[in-house]
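The values are calculated or read from the model by the stated rules, or taken from the named source; none is laboratory data. What you see is a predicted model; the values in this text were computed from it and never measured. In this analysis, Cβ positions are derived from the backbone assuming ideal geometry, glycine residues included, and neighbour counts consider all displayed protein chains.
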Amino acid sequence: MNELVLEHSPLENLERCLERIQEREREINAFIELNPRAEEEARRAERHGGRLCGLTVAVKSNINVRGLRATCASKTLENYVAPYDAVAVQRLRSEGAVIVGMANMDEFACGSSGETSYFGPTQNPAAEGRIPGGSSSGSAAAVAAGFADAALGSDTGGSIRNPASHCGVVGIKPTYGLVPRHGLIDLAMSLDQIGPIARDVRTAALLLEVIAGRGREASMLDVQPQPYTRHLSADLAGVRVGFAREFEEVTSPEILGVIKRSLRRLEAQGAEVVEVELPSLEKALPTYYLIVFVEFFSATRRYDGRRYGYRIEEVCGAEVLRRIHLGSYISQKEYAGRYYRRALQFRSLIRRELLQALEQVDVLAAPTTPKLPHRLGESLTPLEMYAYDLLTVPANLAGIPAGVVPAGRVRGIPVGLQVHAKPLEEQVMLNVMLAAEGAE
């Protein structure tokens, strides 16, 4: 399998990242906590090597890293120190990666902007004054600012892909069950998936190669790790790329222009672009949020102040409290049939339509978000904020892989191309992303 080759030694690479953090972290606010043992980890990587030898990685603060605080960017868990490494973190460390620190995020992953953190909002290094996107805001910002070579995020409805698009980096949401979730603090367990963020497709593919593969969880797929980097190819001869007209109906013209240019570049490299239909696309957003409200409410019942930190309802922010109250309401027996079970029916419909569309093509291409990131501090209604997720939630509802690669800019603001594939066909998705990256 391929190994990462860095320009500098692990210790020198870490020092360069720490210098950038020293220069700009006060402005960006990408981290909640830095790893005081990072230098020790870099020295260990120099001795033992590995496929990721010396690669610096930021970890979203809802993923356990032993000895560091897994706060979920909430006062609820502000003093919770993780007693173990998440499986994904174990796998990174076993291949020589160096954990730089715990990345900022929307509180309990409830948000699409990076503004709901108890530890303050994160700035977008690629678009000054704009939100970085969420909820993996600090992870994407850390990579975009050069604070880390790569990052781990979690994606429930676009939380890796949304900030990857806004910050001009690469992000991947794997097939549900491909990457172990053990050590991830849930937002919605039937949707959450850990995935990589990096500056280029090859590095993201290598991280996925390391963290993917069977684990002990019941929800895990019984599959072996795949050598994605060995089979990376930008050859698009014979590749069919689907694009749904429904994407055009909900996306701003300026973003659509960037995406259409990206599709034309893929055609010039040998791909065939085919129109497909996703008639239930607009049902995906309410379906997703109804499921999230119920599953998040259930997950938060452990935060009652007796074992973990504070009682969540007494210290959380407005968005977290809104989701708890809505989840509590929908979970009541008299409303469950009207809302939650109906949402599960629509989830099956959306999955069926996506898989039917993918039967006609090798991948689906789409915008990542329907609008550009707003300015930090700009007031949006909850529904306006939720609208950022319109084009990303279908992949989570269907459990299919989806990745984002930079496609261009609008008025200097990055715009990402989103690529979907059939379950476990990450290789096809990564190859199209590689071709798009080269064309851009």
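The condition of being modelled with pLDDT under 95, over 25 Å from Ile350 (Cβ atoms) and not hydrophobic (A, V, I, L, M, F, W, C) holds for only one of Gly317, Gly257, Gly270, Gly309, that being Gly309. In the set (1) on the phi < 0 side of the Ramachandran plot; (2) among the hydrophobic types (A, V, I, L, M, F, W, C); (3) out of contact with any strand residue (DSSP E or B) (no Cβ under 6 Å at 6 or more places or on another chain), Ala88 fails one condition alone, (3). Give segment 185-200 a look and list any residue that's out of contact with any Ser or Thr (no Cβ under 6 Å at 6 or more places or on another chain), buried (at least 24 other Cβ atoms within 10 Å of the Cβ) and aliphatic (A, V, I, L, M), or say none. Residues satisfying the conditions are Ile185, Ala198. Here Asp222 fulfils each of the conditions (1) modelled with pLDDT of 95 or more; (2) over 22 Å from the mean Cα position of the chain (by Cα) apart from (1).
Looking across segment 154-185, the residues that are over 23 Å from Arg66 (Cα atoms) and among the hydrophobic types (A, V, I, L, M, F, W, C) come down to Ala164, Cys167, Val169, Val170, Ile172.
With in contact (Cβ under 8 Å) with a residue 24 or more places away in the chain, part of a loop (DSSP other than H, G, I, E, B) and among the aliphatic types (A, V, I, L, M) as the only criterion, which of Ala58, Ala148, Ala142, Ala88 stands out? After ruling out the rest, the residue left standing is Ala148.
Matching residues to (1) in contact with a Cys (Cβ under 8 Å, 6 or more places away or on another chain); (2) surrounded by fewer than 18 Cβ atoms within 10 Å (Cβ to Cβ); (3) among the β-branched types (Val, Ile, Thr); (4) free of Cβ contacts under 8 Å to residues at least 60 places away in the same chain:
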{"site": "Pro279", "(1), (2), (3), (4)": "no, yes, no, no"}
{"site": "Ile291", "(1), (2), (3), (4)": "no, no, yes, no"}
{"site": "Phe296", "(1), (2), (3), (4)": "yes, no, no, no"}
{"site": "Thr300", "(1), (2), (3), (4)": "no, no, yes, no"}
{"site": "Tyr303", "(1), (2), (3), (4)": "no, no, no, no"}
{"site": "Arg307", "(1), (2), (3), (4)": "no, yes, no, yes"}
{"site": "Tyr310", "(1), (2), (3), (4)": "no, yes, no, no"}
{"site": "Glu314", "(1), (2), (3), (4)": "no, yes, no, yes"}
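Does at least one position in segment 379-399 carry a residue that is in contact with a Leu (Cβ under 9 Å, 6 or more places away or on another chain), more than 30 Å from Gly168 (Cβ to Cβ), assigned to a helix (DSSP H, G or I) and in contact (Cβ under 8 Å) with a residue 60 or more places away in the chain? Checking segment 379-399: not a single residue is in contact with a Leu (Cβ under 9 Å, 6 or more places away or on another chain), more than 30 Å from Gly168 (Cβ to Cβ), assigned to a helix (DSSP H, G or I) and in contact (Cβ under 8 Å) with a residue 60 or more places away in the chain.
Could you check how many residues of segment 322-360 are under 20 Å from Asp106 (Cβ atoms) and buried (at least 16 other Cβ atoms within 10 Å of the Cβ)? Quick ask: steps written out before the conclusion?
Start the filter on segment 322-360 by keeping residues that are under 20 Å from Asp106 (Cβ atoms), which leaves 322-327.
Checking the rest, the ones that are also buried (at least 16 other Cβ atoms within 10 Å of the Cβ) come to 323-324, 326-327.
Total meeting the criteria: 4.
Any residue at all in segment 76-88 that's within 18 Å of the chain's Cα centre (by Cα) and either of a type in the set (Gly, Ala, Ser) or surrounded by 24 or more Cβ atoms within 10 Å (Cβ to Cβ) (or both)? For segment 76-88, residues within 18 Å of the chain's Cα centre (by Cα) and either of a type in the set (Gly, Ala, Ser) or surrounded by 24 or more Cβ atoms within 10 Å (Cβ to Cβ) (or both): present. Might you check whether a residue that is at positive phi and surrounded by fewer than 21 Cβ atoms within 10 Å (Cβ to Cβ) occurs anywhere in segment 383-397? No; the residues of segment 383-397 include none that is at positive phi and surrounded by fewer than 21 Cβ atoms within 10 Å (Cβ to Cβ).
State all residues of segment 128-139 that are surrounded by fewer than 24 Cβ atoms within 10 Å (Cβ to Cβ) and either of a type in the set (Asp, Glu) or assigned to a loop (DSSP other than H, G, I, E, B) (or both); if no residue qualifies, say none. Glu128, Gly129, listed by residue number. Taken over segment 273-320, residues that are more than 27 Å from Thr76 (Cβ to Cβ) and of a type in the set (S, T, N, Q) amount to 2.
Out of all the residues in segment 19-43, which are in contact (Cβ under 8 Å) with a residue 24 or more places away in the chain and in a helix (DSSP H, G or I)? Steps first, answer last, please.
Going residue by residue through segment 19-43, those that are in contact (Cβ under 8 Å) with a residue 24 or more places away in the chain are 20-21, 24-25, 27-35, 37-39, 41-43.
Arg20, Ile21, Arg24, Glu25, Glu27, Ile28, Ala38, Glu39, Glu41, Ala42, Arg43 - these are the residues of segment 19-43 that are in contact (Cβ under 8 Å) with a residue 24 or more places away in the chain and in a helix (DSSP H, G or I).
Quick one: would you say Leu77 is within 19 Å of Ala198 (Cβ to Cβ), of a type in the set (A, V, I, L, M) and in contact with a Ser or Thr (Cβ under 9 Å, 6 or more places away or on another chain)? For Leu77, the condition - within 19 Å of Ala198 (Cβ to Cβ), of a type in the set (A, V, I, L, M) and in contact with a Ser or Thr (Cβ under 9 Å, 6 or more places away or on another chain) - is not met. Using the structure shown, decide if His231 is touching a Gly at 6+ places or on another chain (Cβ under 7 Å) and not β-branched (Val, Ile, Thr). No.
Test Ala407 against the criterion of being part of a strand (DSSP E or B), of a type in the set (Gly, Ala, Ser) and either modelled with pLDDT of 95 or more or surrounded by fewer than 18 Cβ atoms within 10 Å (Cβ to Cβ) (or both), and give yes or no. Spell out the reasoning first.
Details: part of a strand (DSSP E or B): yes; of a type in the set (Gly, Ala, Ser): yes; either modelled with pLDDT of 95 or more or surrounded by fewer than 18 Cβ atoms within 10 Å (Cβ to Cβ) (or both): yes.
When the stated conditions are applied, Ala407 passes them.
In the condition set (1) surrounded by 24 or more Cβ atoms within 10 Å (Cβ to Cβ); (2) among the charged types (D, E, K, R); (3) free of Cβ contacts under 8 Å to residues at least 24 places away in the same chain, Arg47 is compliant with all but (1). Looking only at segment 251-277, count every residue that is under 19 Å from Pro394 (Cβ atoms), acidic (Asp, Glu) and in contact (Cβ under 8 Å) with a residue 60 or more places away in the chain and tell me the total. The qualifying residues number 1.
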